[in-house]
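Below is one structure, written out as structure tokens; comments come after it.
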Amino acid sequence: MITLKSSDGETFDLDEVVAAELKTIKNMMEDGCAESVIPVPNVEGKILGKVIEYCKKHVKKSTAKAEEHSLSDADLKAWDSDFIKLDPATLFDLIRAAKHLDINSLLDLLCQAVADMIKGKSTEEIRNLFNIKNDFTPEEEQEILRENQWVFH
């Protein structure tokens, strides 16, 4: 059993097979640095809990292949679709956590979710979605549009 401690002090007990899904933690375990509680200083408890939930579900899928009650690929895909139905701030926190903990499958899923959120949207719609302030003057914006016309046609 491995215990992780989030930046806000929340602790999570994981089976080693689940902890190994977090490559950063797996490397610590292999290097003998995972003796007691492993601090995860860059990730809050709420986010670390979501990361662990994802890893548990995906470990369950990979270990269930040998069992009769296997989780189908379609079921896992549906679960992933529900998992990423989050507000943009939480999505970005999860992306940072997945990057920090080196969980490529989660990082890919989350980045695709963000790409899907902005697909087909105008610059202004994307700014509104992610609460991004436009700090260009109208002249600067026109210059950028002129220099990058190929993007908008």
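Ligands, DNA and RNA are left out, and with a 1.4 angstrom probe the accessible area of the chain is 65 Å² per residue. With kT/(6 pi eta Rh) evaluated at 20 °C and eta = 1.002 mPa s, and Rh the Kirkwood radius from Cα pairs, the stretch 1-140 diffuses with a coefficient of 128 µm²/s according to Stokes-Einstein.
In sequence order, the stretch 117-134 has phi-based couplings of 5, 9, 4, x, 9, 6, 4, 5, 5, 5, 4, 5, 4, 9, 6, 9, 7, 7 Hz under the Karplus curve 6.51 cos²θ - 1.76 cosθ + 1.60, θ = phi - 60°, and Gly or Pro positions carry x. Pairs over the 18 Å Cα-Cα cut-off, from the set 57/85; 5/57; 23/50; 26/46; 50/77; 77/121: 5/57; 26/46; 77/121. Considering only beta bridges that DSSP places wholly inside the chain, some 50 percent are antiparallel. Projection of the Cα convex hull of the stretch 74-146, averaged over all directions and equal to a quarter of that hull's surface, yields 6.4 nm². Based on C-alpha pairs under 8 angstrom that are at least 6 apart in sequence, the chain has a relative contact order of 20 percent. Taking amide H as placed 1.01 Å from N in the peptide plane, residue 43 has its amide H under 5 Å from the amide H of 7, each at least 5 places away in sequence or on another chain. Multiplying each eigenvalue of the alpha-carbon gyration tensor of the stretch 1-42 by 5 and taking the square root yields semi-axes of 15, 11, 9 Å, largest first, rounded to whole angstroms.
Taking amide hydrogens as placed 1.01 Å from N in the peptide plane, the amide H of residue 14 sits under 5 Å from those of 2, 3, 4, each at least 5 positions away in sequence or on another chain. Think of the chain as having a plus end and a minus end, set by charges on the Cβ of Lys, Arg, Asp and Glu; of 24, 88, 113, 113 sits farthest toward the positive end of this dipole. Anisotropy class assigned to the stretch 75-114 is oblate, per the alpha carbon gyration tensor with a/c at or over the 1.5 cut-off and a/b no larger than b/c. Taking the C-alpha atoms only, the angle from helix 88-101 to the longest principal axis of the chain is near 50 degrees.
Residue 28 exposes around 60 Å² of accessible area when a 1.4 Å probe is run over every protein chain in place.
The values are calculated or read from the model by the stated rules, or taken from the named source; none is laboratory data. Everything numeric in this text was worked out from a predicted model, so none of it was measured. Cβ: placed from backbone, ideal geometry, glycine included. Neighbour counts: every protein chain shown. Remember, those area values only see protein heavy atoms, side chains included, never the ligands or the DNA or RNA. Shrake-Rupley method; radii C 1.70, N 1.55, O 1.52, S 1.80 Å.
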